[in-house]
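Chemist: Here it is: the structure, laid out below.
The values are calculated or read from the model by the stated rules, or taken from the named source; none is laboratory data. None of the values given here were measured: they were computed from a predicted structure. Cβ placement follows ideal geometry from the backbone for every residue including glycine, while neighbour counts extend to all protein chains displayed.
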Amino acid sequence: MNRVKYTTPVLLDSESTIVVENNIRLYDGDQKTSFEGGELIITTHRILWGRPGAIARGQTCLSINLDLVVFVEEESPSAFSFSRSRKVILHLSETQEIVEGPQSSSYYNFIKLSFREGYANNVVGILNDLLQKKLWEPLTPEMPTALPQLPSIKLRTGIVGIERSLQEKQKATDESITVAFQDLSKLMTMAKDMVRLSRTISTKIKEKQGDITEDETVRFKSYLMSLGIDDPVTRDSYKSDNQYYRSLAKQISDFLLSHVEEMGGMMALTDVFCRVNRARSLELLSPEDILNACRVMESLGLPLKLYEFSSGVKVLELSTLDNESVAESTAILIEDQNSLSAEELSQQLGISVTLAKERLLTAEKYGKCCRDDSIEGLRFYPNLFLTKEE
């Protein structure tokens, strides 16, 4: 905007009006300015901008000489843009002239003309034609009129080449995205075949067919376990939600039984959600489906059941486990260590701190331990009032 100056709309010698457009906004580079909703007049020598009706009344307006414009192009709209406005970019050359205008300096070497309602005339074509003809220059015998056209023709050709290159890149990107989604669909289709293949390999290893050592068998089994649940239960296979939840409960129970036993007979429901979905790969379950499946486990007589602590924490625990046995086993751990905090118990059992705290509170509730709440934190000690003999 430092090339734009204040002027009067009086036409110069040999200057004539070419195009008039309305509702135009000016940009300083990519930055919006307060000059909006104005009238734009393109002459053979200049571009004039003024408030509606101001130019007709002869009031002061903004202008920029066409000899400062290097080339003109229309800005390509974004793929996510729903605006009707069209923007024309005027790339400007450097100038040492000090002009009296709205801005004395600018970080940009281009300005934008935003046509809020589009333009009725071919503004870009008209401007490029004026830049080629250079009607503001006086005709002299020493300088033929055809010579100044060459640089402008090259610039215009370069712009077309750039536009074509951008279109080709966009087309290549669209094709890459399409191929990527096709590959993803193929992967989802092949997932069940991969699971069936893993079951076949697992069966062969169990039967120890071939020259496989005991250590190799154990190692292969651990690899196959990381592949996840084979033939996961899906809602589409059942006519009613009740049948779906019952089958899902059995599958979750079979899959998590050994893990729950390793964690002391109890697993937080958040851990259940993460472990099951990680094992199911693409067939993910919602938290609601897992919760409903866990609720029916006890009625089905499965080795796992859903339990909710008084604090609201939900866990999946062994069916043989009750609060008294939890309190008893936790009290034994406290006695072995002399004292325990929730963090220490969580590390010892490999469970979350929240679940460890619930176990300690359950032991306290049944009188198996006593708490010490100090500035160092909450710790639990054996209840010597019940165990110490006088």
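Chemist: Report whether or not residue 293 is surrounded by 18 or more Cβ atoms within 10 Å (Cβ to Cβ), under 35 Å from the mean Cα position of the chain (by Cα), in the same structural domain as residue 245 (by TED's automatic domain parsing) and farther than 17 Å from residue 249 by Cβ. I'd like the intermediate steps shown before the answer.
Modeler: Details: surrounded by 18 or more Cβ atoms within 10 Å (Cβ to Cβ): yes; under 35 Å from the mean Cα position of the chain (by Cα): yes; in the same structural domain as residue 245 (by TED's automatic domain parsing): yes; farther than 17 Å from residue 249 by Cβ: no.
No, not satisfied.
Chemist: When the stretch 231-250 is examined, which residues are found to be surrounded by fewer than 18 Cβ atoms within 10 Å (Cβ to Cβ) and part of a loop (DSSP other than H, G, I, E, B)?
Modeler: Listed by number, the residues that qualify are 231, 234, 238, 239, 240.
Chemist: Now for a separate question. Please verify whether the stretch 37-53 includes one or more residues that are assigned by TED's automatic domain parsing to the domain that holds residue 122, more than 13 Å from residue 115 (Cβ to Cβ), without any contact (Cβ under 8 Å) to a residue 12 or more places away in the chain and of a type outside the set (Lys, Arg).
Modeler: Looking for residues that are assigned by TED's automatic domain parsing to the domain that holds residue 122, more than 13 Å from residue 115 (Cβ to Cβ), without any contact (Cβ under 8 Å) to a residue 12 or more places away in the chain and of a type outside the set (Lys, Arg), one finds none in the stretch 37-53, hence no.
Chemist: How do the helices (runs of 4 or more DSSP H) wholly within the stretch 311-390 filter down when requiring 1 or more residues that are of a type in the set (Gly, Ala, Ser) and surrounded by fewer than 18 Cβ atoms within 10 Å (Cβ to Cβ): which remain?
Modeler: 323-337
Chemist: Something else now. For the condition under 21 Å from residue 257 (Cβ atoms) and aliphatic (A, V, I, L, M), what is the one hit in 351, 334? Full working, then the answer.
Modeler: On the way: 334 fails: under 21 Å from residue 257 (Cβ atoms).
When all the criteria are applied, what remains is 351.
Chemist: If you don't mind, there's one more thing I want to ask. Just checking, which of 262, 283 is under 27 Å from residue 325 (Cβ atoms) and at pLDDT below 90? Walk me through it before giving the result.
Modeler: On the way: 283 fails: under 27 Å from residue 325 (Cβ atoms).
The conditions single out 262.
Chemist: Here's something else I'd like to know. Determine whether residue 228 is at pLDDT below 85 and under 19 Å from residue 308 (Cα atoms). Walk me through it before giving the result.
Modeler: Values: at pLDDT below 85: yes; under 19 Å from residue 308 (Cα atoms): no.
Criteria not met by residue 228.
Chemist: Considering the stretch 268-305 alone, what residues qualify as being farther than 16 Å from residue 246 by Cα, part of a loop (DSSP other than H, G, I, E, B) and among the acidic types (Asp, Glu)?
Modeler: Within the stretch 268-305, 283 is the sole residue that qualifies.
Chemist: Among the residues of the stretch 251-267, are any within 29 Å of residue 332 (Cα to Cα), part of a helix (DSSP H, G or I) and touching a Lys or Arg at 6+ places or on another chain (Cβ under 6 Å)?
Modeler: No, because not a single residue in the stretch 251-267 is within 29 Å of residue 332 (Cα to Cα), part of a helix (DSSP H, G or I) and touching a Lys or Arg at 6+ places or on another chain (Cβ under 6 Å).
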